[in-house]
Amino acid sequence: MEKFQTLHSSAVPLPLENIDTDQIIPARFLKATTRKGFGENLFRDWRCNADGTPKPDFVLNDARYSGQILLAGKNFGCGSSREHAAWALYDAGFRVVISSYFADIFRGNALNTGLLPLQVTDAELSSLFALVEQDADTQFIVNLPEQTLHVPATNQTIHFDIDPYKKECLINGYDDIDFLVSQKPAIEAYEQRRTWAW
């Protein structure tokens, strides 16, 4: 995974609640055996017509909006447990999803993929949507070490929670195996000190 420390980016607004994993990546696109290539089918049924042509009214097809942050409605990632939903978002270039609530399984899959699910309050989410609606170029600064989301335009700073272990993994670009390997010196030192009892 890529290391994640601080991200400066605009946001793509998707103010819909209860976006489930089948809407994020439809089941018919789950045939690949690697994590690559899912991004091209992200929100496929919302983004494209049946003939594959883009729907001009969908936000990902709107040239006004870009960035590595997806600003989404409450209860994002509900539905089936497919990890491909997080893979598709990451493969499409998103590094952060901001919502006021995430489905637990999606949250875990996102963190395992290197995608930060950043949870804010309902009121904070509404204010962020309003800012982006007023100015599509509104910038956000996500500081993972400090666990803050800062909005320079309003000087607003929002603190967010994250599991300490997953925070360490994101900052260092570790998956679970990488983390264990990083602990090898400590494990070896412990084994040297350990008193064996048979």
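Quick one: helix 122-134 against the long Cα principal axis of the chain, what's the angle to the nearest 10°, folded into 0 to 90?
Taking the Cα atoms of the chain, the angle to 122-134 is about 50 degrees.
Calculate the spin-label point distance for SER80 paired with ARG28, positioning each point 7 Å from the Cα along the beta-carbon direction, and give it in nanometres.
1.4 nm
Under a 1.4 Å probe, what is the accessible area of the stretch 6-193 per residue, stated in Å²?
Numbers: 9530 Å² over 188 residues.
Value for the stretch 6-193: 51 Å² per residue.
With a 10 Å radius around each residue's Cβ, average the other Cβ atoms per peptide and rank 161-167, 36-42, highest first.
Numbers: 161-167: 13.4, 36-42: 16.7.
Taking the mean over residues of other Cβ atoms within 10 Å, the ranking is 36-42, 161-167.
Considering the zone a paramagnetic label at THR121 would reach in this model (a point 7 Å from Cα along the Cα-to-Cβ line), which residues of the stretch 149-169 have amide N under 13 Å from it?
157-160
At a 1.4 Å probe radius, carbon and sulfur cover how many percent of the accessible area of the stretch 6-193? Please report the intermediate quantities before stating the final value.
Values: 4770 of 9530 Å².
Carbon and sulfur: 50 percent of the exposed surface of the stretch 6-193.
Per residue of the stretch 46-56, in order, report the coupling 6.51 cos²θ - 1.76 cosθ + 1.60 (Karplus, θ = phi - 60°) as ³J(HN,Hα) in whole Hz, putting x for Gly and Pro.
The phi angles translate into 8, 8, 10, 6, 4, 8, x, 6, x, 7, x Hz.
Got a sec to turn the phi values of the stretch 70-77 into Karplus ³J(HN,Hα) couplings, 6.51 cos²θ - 1.76 cosθ + 1.60 with θ = phi - 60°, whole Hz, x for Gly and Pro?
Those phi angles translate into 9, 9, 10, x, 4, 6, 6, x Hz.
With everything on Cα atoms, drop me the angle between helix 104-113 and the longest principal axis of the chain, reported from 0 to 90° to the nearest 10.
70 degrees
Quick check: net charge around LEU7, other residues with Cβ under 15 Å of its Cβ, Lys/Arg +1 and Asp/Glu -1?
Working: positive: LYS3, ARG95, LYS167; negative: GLU2, GLU146.
Cβ neighbours under 15 Å give a net charge of +1.
Using helices alone, I'd like the mean residue ellipticity at 222 nm for the chain: each DSSP H run of four-plus residues gives -39500 (n - 2.57), total over residue count, nearest 500. Mind dumping the intermediate values first?
Details: 8 runs with 65 residues, N = 198.
My calculation for the chain gives -9000 deg cm²/dmol from helical runs alone.
Taking a virtual spin label 7 Å from the Cα of GLN139 along the C-beta vector, which residues in the stretch 1-43 bring their backbone nitrogen under 19 Å of it?
5-13
Among the listed pairs LYS74/LYS184; LYS55/LYS167; LYS31/LYS167; LYS31/LYS55; LYS3/LYS55, which have their C-alpha atoms separated by more than 29 angstrom in this model? Can you show the working numbers first?
Details: LYS74/LYS184 40 Å; LYS55/LYS167 37 Å; LYS31/LYS167 31 Å; LYS31/LYS55 24 Å; LYS3/LYS55 34 Å.
Violating the 29 Å limit, Cα to Cα: LYS74/LYS184; LYS55/LYS167; LYS31/LYS167; LYS3/LYS55.
Note the angle between two axes, namely the Cα long axis of helix 184-193 and the longest principal axis of the Cα atoms of the chain, as a number of degrees from 0 to 90, rounded to the nearest 10.
20 degrees
Rounded, prolate or oblate: which fits the stretch 23-114, taking a ≥ b ≥ c as square roots of the Cα gyration tensor eigenvalues, rounded meaning a/c under 1.5, else prolate when a/b beats b/c?
Numbers: a/c = 1.61, a/b = 1.20, b/c = 1.34.
Because a/c hits 1.5 or more and a/b fails to exceed b/c, the stretch 23-114 counts as oblate.
Using amide H atoms built 1.01 Å from N in the peptide plane, name the residues 5+ places from ALA11, or on other chains, whose amide H lies under 5 Å from its own.
Correct list: SER66.
Under the Kirkwood approximation applied to all pairs of distinct alpha-carbon atoms, what is the hydrodynamic radius of the chain in Å? Walk me through the numbers on the way to the answer.
On the way: mean 1/r = 0.0557 Å⁻¹.
Kirkwood radius, the chain: 18.0 Å.
What list of ³J(HN,Hα) values in whole Hz, one per residue of the stretch 30-36 in order, does the Karplus curve 6.51 cos²θ - 1.76 cosθ + 1.60 (θ = phi - 60°) give from phi, with Gly and Pro shown as x?
Karplus-based 3J(HN,Hα) across the stretch 30-36 equals 9, 8, 6, 9, 10, 7, 7 Hz.
The values are calculated or read from the model by the stated rules, or taken from the named source; none is laboratory data. This one's a predicted model, so the numbers in the text were calculated from it and none came from an experiment. For neighbour counting, all protein chains shown are included, and Cβ atoms are generated from backbone atoms with ideal geometry for every residue, glycine included. Side chains included, ligands, DNA and RNA excluded: accessible areas come from the protein's heavy atoms. Shrake-Rupley method; radii C 1.70, N 1.55, O 1.52, S 1.80 Å.
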